[in-house]
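Note sheet for the following structure.
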2 protein chains.
Amino acid sequence: MLEKINLKGKIKKDAYEKQFTKLSENLGALQRELRDADVPVIILFEGFRGSWRGLLINKIISALDPRGFSVFSASKTTEKQKQGPFFGQFWKELPAAGQISIHHRAWYFLKNEHTVGDKDEASEWYNISYEEINTFEKELTDEGYIIIKIFTHLSAKQQEKNLTKGFQTSGSQWESLTPGGIEGIDYKAYEKVYEEMLAKTDMAYAPWHIIPMESKRVGIIETLKVLIAELTEALNKHKLQKAEQGRKALQKKNAADETIPDILSTYDLSKTISEKAYEKKYKALRQKIGELQLKLYEKKISTIVAFEGWDAGGKGGAIKRLTAGLDPLGYKVNPVCAPNDWEKKFHYLWRFWQHIPAPGEAAIFDRTWYGRVLVERVEGFATAQEWHRAYQEINDMEAQWTKQGIIVQKFWMQIDKDEQYNRFKAREEDPDKTWKITAEDWRNREKWDAYVGAVNEMLYRTDTEEAPWTVVEAKNKFYARLKVLETMIKRMEKVLKKQEK
Amino acid sequence: MLEKINLKGKIKKDAYEKQFTKLSENLGALQRELRDADVPVIILFEGFRGSWRGLLINKIISALDPRGFSVFSASKTTEKQKQGPFFGQFWKELPAAGQISIHHRAWYFLKNEHTVGDKDEASEWYNISYEEINTFEKELTDEGYIIIKIFTHLSAKQQEKNLTKGFQTSGSQWESLTPGGIEGIDYKAYEKVYEEMLAKTDMAYAPWHIIPMESKRVGIIETLKVLIAELTEALNKHKLQKAEQGRKALQKKNAADETIPDILSTYDLSKTISEKAYEKKYKALRQKIGELQLKLYEKKISTIVAFEGWDAGGKGGAIKRLTAGLDPLGYKVNPVCAPNDWEKKFHYLWRFWQHIPAPGEAAIFDRTWYGRVLVERVEGFATAQEWHRAYQEINDMEAQWTKQGIIVQKFWMQIDKDEQYNRFKAREEDPDKTWKITAEDWRNREKWDAYVGAVNEMLYRTDTEEAPWTVVEAKNKFYARLKVLETMIKRMEKVLKKQEK
């Protein structure tokens, strides 16, 4: 692949300057159009060391309005970030709608440096597959992100020249603030790795563009042309899609779904325990979970607990009892409402990536990312295509967390329709609780059956071994609270036991 | 002060439980009222080790809606944070309007641990004064933040008992996830430090409340009572102020200001340089500043550059030329617009603290925190009291930065009214630039004289030795760009020279 690239091209200074000015103006105008259209863009630079990536980025951003882009570098990845899931930092660096994120090396670099370059202790962390990368990029482009991947290419001879002489003779050309020399750079070894990378990750939704950087001028002009062509295409596609959306909304999707079993109906809601027996058991469990929290903290094992359930299903009460025995510095409860205007400017999973717990800590979610396949599905806020796709996207996200050693546990608080009615009424009549109940709760209730279908499908499609669902029979609140605590304790103990081996 | 506190109190279990339930309900209701009133609250816990702070916090948050608070701990301060200004992390942890931030130890702890406890390499960093703390708290309360400071007190005997036995016998009582023993804890030494702290920082706007924690039950009840009393008062005050605001707006403030010199008129706008001479000089300076950037990066010296100036004064062009020679991974341009809805929920300086550069890097601001004394003053978005106070607040903030070794440089891009007119017209007539000019620009122009007064006062009051203003004669853009570069280079060289000594 790389061999076929013509590196011989040249361009005269005058011609270069003229072209550069014209192309810069085009790119600036495109940026404004993309901003107005709310299209988010990710531009990625990977390539041989010494191939003027820094210079290239500076030339490109000189054409852009600084209000519209940010520059990131994977060479700045911190030790703390390496304790979290691999893609965590990149989720946080996603551009908002209408913005551009420019990456001076990113996920490819982290993977490849591990393959060729310096090994370090966290080598397990870098060990992701090209399939995982493709999945990550696919999930972004599915949600409307534009990904443009630039590979900067040059010959071994030119690389040596640049790395030994070039960087000393010019103050405005850098190798990412750490101007290393040629020492230890094995061109052939990198070339092999890059060939594989280019072959395995050159996808229609996120293709590679190989830029000849043997001559700086040629490389700059070529990069500008690539960006302009790609962004123009993206913009046209975006306009087309917008136009089509109206038409599509009319055609109700009627996919021949496979039969989803009625999982919820298999749970026996008559399960109960007396208050007195509860009090006694609860005290012991509360103390136990506090001890386990400290052990997990010492071993730096993090936990993510997800609560979903019917309105008035007892999520809040269960969370309160779960956390009463925990050191408040070691956990955080994240209540999830409808996304605000800022959050809406991102991929729908972005906001949950902001709350990944620090090593050894716990993040408890009061409602979760499953909103996509529950309320957004039932209310039609997500298209059928979007929520169908979401099961896999969510499984992928949770797999990334568990791969990093995070305990993921999900609870569905199950009550029946009559019990919900009784609880709504009780809330309305209690002056201290009436703020808890709104007209929206009553409206949601009318869609009970649609929700049953959505919950069953969610349980069916996203109950995985590493990130399991536990349906909690929550008609009796004492029974429910104990079941949540017991489930958590069992999982924590199992993980600790496994660690000790 | 501490000696006078009665530590002997007791309370029976039944009475405690009854009171706790009632007070919890009150606190929960107050939280909802404060949320509706958009009042931000900071609750601080400091005190002897082993005084059940963790337990106390857990009891309090059990009464609160998790959507309304966050818990922070200064024992989690990272090494990275210690490379930035002392109060930087606390600015980031400010609650939004209507929210509560709970601190399990905060700025007092960081200062005091340095005085009594473990010393570490960054000891210079901890060395802040009580005056600096008072200033920080004053600036927050001036902007409507409520600060409640709780000091947890207990006897030496009880402390020993708690730290040797108590923490092992109960899983639900912690010393901030790191259950250290009694070893090395010198009660007397801490007592002395705390006495001084309580004496010097017990201010009317942020008073201390000493809570006897000899008995856990008494301490919990007392703390709840203090919180309820303080928050009720804060709420009443808030309502009163709201009612008064209408009246006050009618009385136009007519303060007898001291005479501010017309600083702007002393600059000679006829200064000029030919394009050819500029091109030659510029190339050398661009290379020079790139070299200096790398040196500062290696020495971990950060830079903050602030650009203010007339509309069409050439800020954007100057920033572009300033950064063209810089490695894009080492700087970030932060364009500042009017605060968005989320930013409006915080102290007006909060959003700038989000952009403190990492060690060795540079943050360039295209418009700045001086908006408070420029556009907000002229347009009446800030009250006279608010913008009068802002000069000192801004000087304090910049002093905190320079104290941490950050280079702070501020530029005012100066043109005259005729030149602005010409540039506006030119922009309107150029199809590639017409997006740069809006009706608002023309409206601002009508207030030219008011702005002159505001700019003069800003330059007069905030031109400090460590964070100086440079007025740039910007009628000739070539001259202006060179002056910006030369000024920056001179400052960078001076700082580097000083370091070498």
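Search segment A:351-395 for residues being assigned to a helix (DSSP H, G or I) and surrounded by fewer than 17 Cβ atoms within 10 Å (Cβ to Cβ), and hand back the single one that is nearest to the other protein chains (Cβ to nearest Cβ).
Narrowing segment A:351-395 to residues assigned to a helix (DSSP H, G or I): A:351-353, A:369-373, A:375-378, A:384-395.
Going one step further and asking which of them are surrounded by fewer than 17 Cβ atoms within 10 Å (Cβ to Cβ), we end up with A:384-385, A:392, A:395.
Numbers: A:384: 31, A:385: 31, A:392: 30, A:395: 27 Å.
Filtering first and then ranking leaves A:395.
With (1) over 30 Å from residue A:193 (Cβ atoms); (2) over 28 Å from the mean Cα position of the chain (by Cα) as the list, and residue A:51 as the residue in question, which single condition is left unmet?
All conditions pass for residue A:51, except number (1).
Could you please find all residues in segment A:442-451 being open to solvent by less than 40 Å² (accessible area, probe 1.4 Å) and among the charged types (D, E, K, R)?
Scanning segment A:442-451 gives a single hit, A:445.
If the Cβ limit is 6 Å and pairs must be 6+ apart or interchain, which residue in segment B:268-279 that is aliphatic (A, V, I, L, M) pairs with which residue that is open to solvent by less than 80 Å² (accessible area, probe 1.4 Å)?
B:269/B:416; B:269/B:473; B:273/B:478; B:273/B:479
Do any strands (runs of 3 or more DSSP E) entirely within segment A:68-167 hold 1 or more residues that are within 14 Å of chain B (Cβ to nearest Cβ), and if so, which? So that I can check it myself, show each step before the final result.
On the way: elements: A:69-73, A:100-104, A:146-153.
Those strands (runs of 3 or more DSSP E) span A:69-73, A:100-104.
Looking at (1) at pLDDT 90 or above; (2) open to solvent by 20 Å² or more (accessible area, probe 1.4 Å); (3) farther than 14 Å from residue B:53 by Cβ, which is the only condition residue B:183 fails?
It fails just one condition, (1).
Being more than 9 Å from chain B (Cβ to nearest Cβ) and in contact with a strand residue (DSSP E or B) (Cβ under 8 Å, 6 or more places away or on another chain) is the filter here; which residues of segment A:293-304 pass it?
Hits for segment A:293-304 are A:296, A:301, A:302, A:303, A:304.
Between A:62, A:75, A:129, which is under 18 Å from residue A:28 (Cα atoms), modelled with pLDDT under 95 and hydroxyl-bearing (Ser, Thr, Tyr)?
A:62
Can you work out which of the residues in segment B:54-67 that are over 27 Å from the mean Cα position of the chain (by Cα) and open to solvent by 30 Å² or more (accessible area, probe 1.4 Å) is nearest to the other protein chains (Cβ to nearest Cβ)?
Among those that are over 27 Å from the mean Cα position of the chain (by Cα) and open to solvent by 30 Å² or more (accessible area, probe 1.4 Å), it is B:62.
Could you tell me whether any residue of segment B:37-53 is in contact (Cβ under 8 Å) with a residue 24 or more places away in the chain, open to solvent by 20 Å² or more (accessible area, probe 1.4 Å) and more than 30 Å from residue B:342 (Cα to Cα)?
yes
May I ask you to list the residues in segment B:364-381 that are of a type in the set (A, V, I, L, M) and within 14 Å of residue B:409 (Cβ to Cβ)?
B:364
From (1) among the polar types (S, T, N, Q); (2) open to solvent by less than 80 Å² (accessible area, probe 1.4 Å); (3) under 28 Å from the mean Cα position of the chain (by Cα), pick out the condition that doesn't hold for residue A:414.
Answer for residue A:414: the failing condition is (3).
Filter segment B:20-77 down to the residues that are basic (Lys, Arg), within 25 Å of residue A:361 (Cα to Cα) and in contact with a Phe, Trp or Tyr (Cβ under 8 Å, 6 or more places away or on another chain) and list them by number. Even if it seems obvious, please write down each step before you answer.
Pass one, segment B:20-77, residues basic (Lys, Arg): B:22, B:32, B:35, B:49, B:53, B:59, B:67, B:76.
If we keep only those that are within 25 Å of residue A:361 (Cα to Cα) as well, we get B:49, B:53, B:59, B:67, B:76.
Correct list: B:49, B:53, B:59.
Where residues in segment A:326-336 are surrounded by 22 or more Cβ atoms within 10 Å (Cβ to Cβ) and assigned to a loop (DSSP other than H, G, I, E, B), which of them is nearest to the other protein chains (Cβ to nearest Cβ)?
Only one residue fits best here, namely A:327.
Examine segment B:485-493 for a residue that is within 18 Å of residue B:272 (Cβ to Cβ) and open to solvent by 20 Å² or more (accessible area, probe 1.4 Å), and state whether such a residue exists.
Looking for residues that are within 18 Å of residue B:272 (Cβ to Cβ) and open to solvent by 20 Å² or more (accessible area, probe 1.4 Å), one finds at least one in segment B:485-493, hence yes.
Kindly provide the set of residues from segment A:471-484 that are open to solvent by less than 10 Å² (accessible area, probe 1.4 Å) and closer than 18 Å to residue A:407 by Cα, ordered by number.
Within segment A:471-484, A:471, A:484 qualify.
Of everything in segment A:341-350, what is over 28 Å from residue A:445 (Cα atoms), open to solvent by 10 Å² or more (accessible area, probe 1.4 Å) and not basic (Lys, Arg)? Give them in sequence order.
A:342, A:346, A:350
So which of A:138, A:92, A:111 is open to solvent by less than 40 Å² (accessible area, probe 1.4 Å), within 18 Å of the chain's Cα centre (by Cα) and in contact (Cβ under 8 Å) with a residue 12 or more places away in the chain? Spell out how you get there, then give the answer.
Details: A:138 fails: open to solvent by less than 40 Å² (accessible area, probe 1.4 Å); A:92 fails: open to solvent by less than 40 Å² (accessible area, probe 1.4 Å).
Just one listed residue meets the conditions, A:111.
Can you pull out every residue in segment A:1-34 that is open to solvent by 100 Å² or more (accessible area, probe 1.4 Å) and closer than 30 Å to residue A:239 by Cα?
Once the filter is applied, which keeps residues that are open to solvent by 100 Å² or more (accessible area, probe 1.4 Å) and closer than 30 Å to residue A:239 by Cα, segment A:1-34 yields only A:22.
Just give me the residues in segment B:452-470 being polar (S, T, N, Q), closer than 13 Å to residue B:392 by Cα and crowded, with 16+ Cβ neighbours inside 10 Å, in sequence order.
If the condition is that a residue be polar (S, T, N, Q), closer than 13 Å to residue B:392 by Cα and crowded, with 16+ Cβ neighbours inside 10 Å, then B:462 is the only one that fits.
Within segment B:16-43, work out how many residues are under 15 Å from residue B:222 (Cα atoms) and more than 14 Å from chain A (Cβ to nearest Cβ).
3
Could you grab me the full set of residues in segment A:280-292 that are more than 12 Å from chain B (Cβ to nearest Cβ) and touching a helix residue (DSSP H, G or I) at 6+ places or on another chain (Cβ under 9 Å)?
Going through segment A:280-292, the residues more than 12 Å from chain B (Cβ to nearest Cβ) turn out to be A:280-281.
If the condition is that a residue be more than 12 Å from chain B (Cβ to nearest Cβ) and touching a helix residue (DSSP H, G or I) at 6+ places or on another chain (Cβ under 9 Å), then A:281 is the only one that fits.
Report yes if some residue within segment B:387-401 is under 25 Å from residue B:125 (Cα atoms) and without any contact (Cβ under 8 Å) to a residue 60 or more places away in the chain; otherwise report no.
Yes, there is a match, as at least one residue in segment B:387-401 is under 25 Å from residue B:125 (Cα atoms) and without any contact (Cβ under 8 Å) to a residue 60 or more places away in the chain.
Among the residues of segment B:25-50, count how many are part of a loop (DSSP other than H, G, I, E, B), in contact with a helix residue (DSSP H, G or I) (Cβ under 7 Å, 6 or more places away or on another chain) and at pLDDT 90 or above.
Looking only at that region, the number is 3.
Restricting the search to segment B:208-245, which residues are within 31 Å of the chain's Cα centre (by Cα), open to solvent by less than 20 Å² (accessible area, probe 1.4 Å) and among the small types (Gly, Ala, Ser)?
Selection gives B:234 alone.
State all residues of segment B:305-325 that are of a type in the set (D, E, K, R) and more than 8 Å from every other protein chain (Cβ to nearest Cβ); if no residue qualifies, say none.
B:308, B:311, B:315, B:321, listed by residue number.
Do the conditions hold for residue B:264, that is, is it within 30 Å of residue B:411 (Cα to Cα) and modelled with pLDDT of 70 or more?
In short, yes.
The values are calculated or read from the model by the stated rules, or taken from the named source; none is laboratory data. As the structure is a prediction and not an experimental result, all values here were calculated from the model. Glycine also receives a Cβ, built like all others from the backbone with ideal geometry; neighbour counts cover every protein chain displayed. SASA here: full protein model, heavy atoms, side chains in, ligands and nucleic acids out. Shrake-Rupley method; radii C 1.70, N 1.55, O 1.52, S 1.80 Å.
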